[in-house]
Amino acid sequence: MFASKLPNVGTTIFTRMSQLAAETGAINLSQGFPDFDGPLALREAVSRHVLEGRNQYCPMTGLPALRQQVAAKIARSYGVQRDADSEITITPGATEAIFCAVQALIHPGDEAIVLDPCYDSYEPSVELAGGRCVHVPLALPDFAVDWQRLAAAITPRTRLIFLNSPHNPSGALLSRADLDRLAALIRGHDIHIISDEVYEHLIFDGVQHASVLAHDELYARAFVVSSFGKTYHVTGWKTGYVVAPPALTAELRKIHQYVNFCGVTPLQHALADFMAVHPEHVEELPAFYQAKRDLFCELLAGSRFTFKPAPGTYFQLADYSAIRPELDDVAMAEWLTREHGVAAIPVSVFYRDPPADMRLVRFCFAKREDTLRQAAERLCRV
Ligand code: PMP
Ligand code: GLN
């Protein structure tokens, strides 16, 4: 018998629901990705760089021009200077950045605290490093940090706390006050932070993102992760970055150089070109996605789902208690896909111990207006 290192892991819910959507011909609002393309200038830049022969390895740390653009974006967005050479590393996706940061931090027997519901890659990354996740549920209904439970979960073995703001799947945000409170909580402990900020620019209603990058005390012990896939509508490019103080960056790079060595060269050239010419792209994103959120919520108002508009991300949670309360959310997501032609993600899969009475599914609204209209029309008939 083969001794699996991840005995409890199967195929992710994102793969399963996207497959079911394809098989049934349902509109796919499950796995998070846009059904529209990234900017034409960005896509043309890739073709140009491929044709002009920029097809060999780039530096292990990422293309210098792209690291400089990331530093410029950080300075513009958050008013802080992070060094392109010693603090910024380009990775093949945020997922790889998270994996390498975990391997850098976690030794066998260490504990990492995750706030449930949490993104699915965190726990396997911790387990492969020989650590163990301690699950602390976010407080319902707003998915806020339960500070008492978080404080109670810290032990002498705690090495890492994962943050994710804007939060997948709920869209909830951490405030600057939350970051201050966390800093006070872990002061004097040997605890690091992985701050998953892949939705940093998808934040609505005029709220400013409270980034760990701009919180000096937390940043001193943090890896901050982001993804070009979300920000530039190109999830399939699997290109992200991680920002951390020089000593942490050095440890991360020791691992990154053996997991992938480097990211994809022509994509990095194209992103660097685009960012240099279009720094306004990220400033326009909140309004762009807020219009989609508002349209989807307005259309869904005519349905029997109940919901509060998501404060961030491109996901909208919806409660189906008034529709099929007897179905758990996995069954509900399948039923919606098969019987009503709209695929969604069940929220319980992001938990170790999902609340028994939770009746929530997640819809991705990173879609063209006609897709959202067609999907909402179907959902209003449910
Ligand atoms: N973290 C969260 C919370 C995500 O939703 C995603 C997106 N799939 C990722 C990390 C991974 O991003 P990437 O596709 O760049 O690896
Ligand atoms: N982050 C995406 C989501 O939450 C999925 C990415 C993946 O399929 N791994 O839908």
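Yes/no per residue for (1) in contact with a helix residue (DSSP H, G or I) (Cβ under 7 Å, 6 or more places away or on another chain); (2) closer than 30 Å to Ser321 by Cα; (3) open to solvent by 20 Å² or more (accessible area, probe 1.4 Å):
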| residue | (1), (2), (3) |
| --- | --- |
| Arg253 | no, no, yes |
| Gln268 | yes, no, no |
| Phe274 | yes, no, no |
| Val282 | yes, no, no |
| Phe305 | yes, yes, no |
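What do you reckon, is Asp353 among the acidic types (Asp, Glu), part of a loop (DSSP other than H, G, I, E, B), open to solvent by 20 Å² or more (accessible area, probe 1.4 Å) and touching a strand residue (DSSP E or B) at 6+ places or on another chain (Cβ under 9 Å)?
Considered against the rule, which asks whether it is among the acidic types (Asp, Glu), part of a loop (DSSP other than H, G, I, E, B), open to solvent by 20 Å² or more (accessible area, probe 1.4 Å) and touching a strand residue (DSSP E or B) at 6+ places or on another chain (Cβ under 9 Å), Asp353 comes out as yes.
If the Cβ limit is 7 Å and pairs must be 6+ apart or interchain, which residue in the range 153-172 that is within 16 Å of ligand 1 (Cβ to nearest atom) pairs with which residue that is assigned to a strand (DSSP E or B) and among the polar types (S, T, N, Q)?
If the second residue must be assigned to a strand (DSSP E or B) and among the polar types (S, T, N, Q), the pairs left are Leu163/Ser195.
Do we have any residue at all in the range 37-59 that's surrounded by 17 or more Cβ atoms within 10 Å (Cβ to Cβ) and within 20 Å of the chain's Cα centre (by Cα)?
Scanning the range 37-59 turns up at least one residue that is surrounded by 17 or more Cβ atoms within 10 Å (Cβ to Cβ) and within 20 Å of the chain's Cα centre (by Cα).
Give just the number: which of (1) exposed (fewer than 14 other Cβ atoms within 10 Å of the Cβ); (2) touching a residue at least 40 places away in the same chain (Cβ under 8 Å) does Ile106 not satisfy?
Condition not satisfied by Ile106: (1).
For the subset of the range 75-99 comprising residues that are away from ligand 2 (no atom under 16 Å from the Cβ) and among the charged types (D, E, K, R), which member is farthest from Ile255 (Cα to Cα)?
Arg76
Any idea which of (1) touching a residue at least 60 places away in the same chain (Cβ under 8 Å); (2) farther than 14 Å from Leu267 by Cβ; (3) within 23 Å of the chain's Cα centre (by Cα) is the one Asp83 doesn't satisfy?
(3)
Among the residues of the range 114-128, count how many are crowded, with 20+ Cβ neighbours inside 10 Å and away from ligand 2 (no atom under 16 Å from the Cβ).
Adding up the residues that qualify gives 1.
What residue, among those in the range 211-233 that are open to solvent by 10 Å² or more (accessible area, probe 1.4 Å) and farther than 16 Å from Arg82 by Cβ, is farthest from ligand 1 (Cβ to nearest atom)?
Across the range 211-233, the extreme among qualifying residues is His233.
Among Leu140, Leu185, Leu179, which is the only one that is open to solvent by less than 10 Å² (accessible area, probe 1.4 Å) and not small (Gly, Ala, Ser)?
Working: Leu140 fails: open to solvent by less than 10 Å² (accessible area, probe 1.4 Å); Leu185 fails: open to solvent by less than 10 Å² (accessible area, probe 1.4 Å).
Just a single option satisfies the conditions, and that option is Leu179.
When you scan the range 10-40, how many residues do you find that are hydrophobic (A, V, I, L, M, F, W, C) and either under 24 Å from Phe228 (Cα atoms) or within 13 Å of ligand 2 (Cβ to nearest atom) (or both)?
Number satisfying all stated conditions: 8.
Collect the residues in the range 73-96 that are more than 19 Å from Pro246 (Cβ to Cβ), open to solvent by less than 50 Å² (accessible area, probe 1.4 Å) and either modelled with pLDDT under 95 or among the small types (Gly, Ala, Ser) (or both), keeping them in residue-number order.
If the condition is that a residue be more than 19 Å from Pro246 (Cβ to Cβ), open to solvent by less than 50 Å² (accessible area, probe 1.4 Å) and either modelled with pLDDT under 95 or among the small types (Gly, Ala, Ser) (or both), then Ser77, Gly93, Ala94 are the ones that fit.
Which of the residues spanning the range 188-209 are more than 16 Å from ligand 1 (Cβ to nearest atom), open to solvent by 10 Å² or more (accessible area, probe 1.4 Å) and either touching an Asp or Glu at 6+ places or on another chain (Cβ under 7 Å) or under 26 Å from Cys100 (Cβ atoms) (or both)?
His189, Asp190, His192
I need the full set of residues from the range 294-317 which are away from ligand 1 (no atom under 16 Å from the Cβ) and either touching a residue at least 60 places away in the same chain (Cβ under 8 Å) or among the charged types (D, E, K, R) (or both), in order please.
Across the range 294-317, the qualifying residues are Asp294, Leu295, Phe296, Glu298, Leu299, Leu300, Gly302, Ser303, Arg304, Phe305, Lys308, Pro309.
The values are calculated or read from the model by the stated rules, or taken from the named source; none is laboratory data. The structure displayed is predicted, hence computed values, not measured ones. All Cβ positions, even for glycine, are placed from backbone atoms using ideal geometry, and neighbour counts span all protein chains on display. Surface accessibility is based on the protein's heavy atoms, side chains included, excluding ligands, DNA and RNA. Shrake-Rupley method; radii C 1.70, N 1.55, O 1.52, S 1.80 Å.
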